[in-house]
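These notes concern the structure reproduced below.
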Amino acid sequence: MAGGTRGVTREEHLRRWSAAHGGTAASPLVRVWLDGVRRTASPLAAAGVPPAAVTALGLALALAALAPAAAQAELGGRWALGVPVLLAVAALADGLDGAVAVLGGTASRAGAVLDAACDRLADAAALGALWLLGAPALPVLVALGAGQLHEYVRARAQGEGVTGPGAVTVSERPTRVLVAAMFALGCGVYPGAATTWAAAGAWVGAAAALVGLVQLLVAVRRELSASR
């Protein structure tokens with residue numbers, strides 16, 4: 001089918017991915033990840049699954065992670081063990097939606113906007129899970145605000161002509177998901193210290209978000225100044 005998955009080689013997938021990400025070159029690690037994603041997404045794209053459906057599924061799974069966090073806070077036990085599982089599957093869906101769009105030749109600006117909006121809500125859900133598990137509001141709000149500003153600055157910079165992500169910081173989305181999942185796992189494994197684990201996760205997330213924001217601002221300023 002025209003623009004579909006038939007005949008889409010690994011290199012062609014990399015080329016399409018790069019074009020969809022502002023010409024960003026894939027690092028060796030990203031190439032390995034993309035190759036795995038391509039193999040997983042190919043059947044979905046061949047079946048005509050809409051990328052938006054995969055995006056929506058990823059958001060639904062991230063929001064669902066709030067349920068086990070709330071259950072442990074209310075009932076005790078080890079309900080928080082479900083949080084990292086749901087966040088991990090949600091992250092997989094987040095990677096698959098773009099691959100389905102690229103492989104199926106259905107990538108669009110509307111899809112990119114939807115994906116970005118759902119990512120921001122999923123970020124909030126991950127932090128919300130830590131808050132439900134006992135993290136203080138301050139680091140949760142700092143992590144959320146700095147993370148949202150991180151993505152706003154990147155989008156605004158790209159609107160001003162910056163190509164690609166501007167900089168790969170210590171607080172990219174995979175890091176945010178990993179931090180929330182890892183410390184939520186600690187809450188589930190050690191329910192008696194759940195509040196401590198949740199607070200530590202929120203503070204780590206807040207610190208990473210602030211450092212990442214500074215990294216991005218410096219890189220964007222440098223690139224925009226050089227292009228004058």
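The values are calculated or read from the model by the stated rules, or taken from the named source; none is laboratory data. Since this is a predicted model, take the numbers as computed values, not measurements. Every residue, glycine as well, gets a Cβ built from its backbone with ideal geometry; the counts of neighbours run over all protein chains shown. Quick note on the areas: whole protein, heavy atoms, side chains included, nothing else; ligands and nucleic acids left out. Shrake-Rupley method; radii C 1.70, N 1.55, O 1.52, S 1.80 Å.
With the condition kept exactly as written, say whether any residue in segment 154-164 is modelled with pLDDT under 95, touching a Ser or Thr at 6+ places or on another chain (Cβ under 6 Å) and open to solvent by less than 40 Å² (accessible area, probe 1.4 Å). Taking every residue of segment 154-164 in turn, at least one turns out to be modelled with pLDDT under 95, touching a Ser or Thr at 6+ places or on another chain (Cβ under 6 Å) and open to solvent by less than 40 Å² (accessible area, probe 1.4 Å). Which residues, taken from segment 17-62, are modelled with pLDDT under 90 and among the polar types (S, T, N, Q)? Of everything in segment 17-62, those that are modelled with pLDDT under 90 and among the polar types (S, T, N, Q) turn out to be SER18, THR24, SER27, THR40, SER42. Screening ALA116, ALA110, ALA91 for residues that are closer than 30 Å to THR9 by Cβ, loosely packed, with under 15 Cβ neighbours inside 10 Å, under 14 Å from the mean Cα position of the chain (by Cα) and modelled with pLDDT under 95 leaves exactly one candidate, ALA116. Looking across segment 137-153 at every residue that is exposed (fewer than 14 other Cβ atoms within 10 Å of the Cβ) and of a type in the set (A, V, I, L, M), the one that is nearest to VAL214 (Cα to Cα) is identified as LEU138. Taking segment 36-72 as the range and being among the charged types (D, E, K, R) and either under 18 Å from the mean Cα position of the chain (by Cα) or not in a helix (DSSP H, G or I) (or both) as the test, only ARG38 passes. Do you know which residues across segment 165-202 are of a type in the set (A, V, I, L, M), open to solvent by 50 Å² or more (accessible area, probe 1.4 Å) and under 21 Å from the mean Cα position of the chain (by Cα)? Within segment 165-202, VAL168, VAL170, LEU178, MET182, LEU185 qualify. For segment 137-188, a residue qualifies if it is among the charged types (D, E, K, R), in a helix (DSSP H, G or I) and under 16 Å from VAL218 (Cα atoms), and the qualifying residues are GLU151, ARG154, ARG156.
Annotation for segment 215-225: no member residue is more than 24 Å from GLY76 (Cα to Cα), at pLDDT 95 or above, open to solvent by less than 50 Å² (accessible area, probe 1.4 Å) and within 14 Å of the chain's Cα centre (by Cα). Listed by first and then second residue, the pairs linking a residue in segment 104-125 that is touching a residue at least 12 places away in the same chain (Cβ under 8 Å) and part of a loop (DSSP other than H, G, I, E, B) to a residue that is aliphatic (A, V, I, L, M) and open to solvent by less than 70 Å² (accessible area, probe 1.4 Å), with Cβ atoms under 7 Å apart and 6 or more places separating them unless they lie on different chains, are ALA107/ALA20; ALA107/ALA101. Would you check if GLY134 is crowded, with 18+ Cβ neighbours inside 10 Å, in a helix (DSSP H, G or I) and either free of Cβ contacts under 8 Å to residues at least 40 places away in the same chain or not hydrophobic (A, V, I, L, M, F, W, C) (or both)? Here the answer is no, as GLY134 does not meet what is asked.
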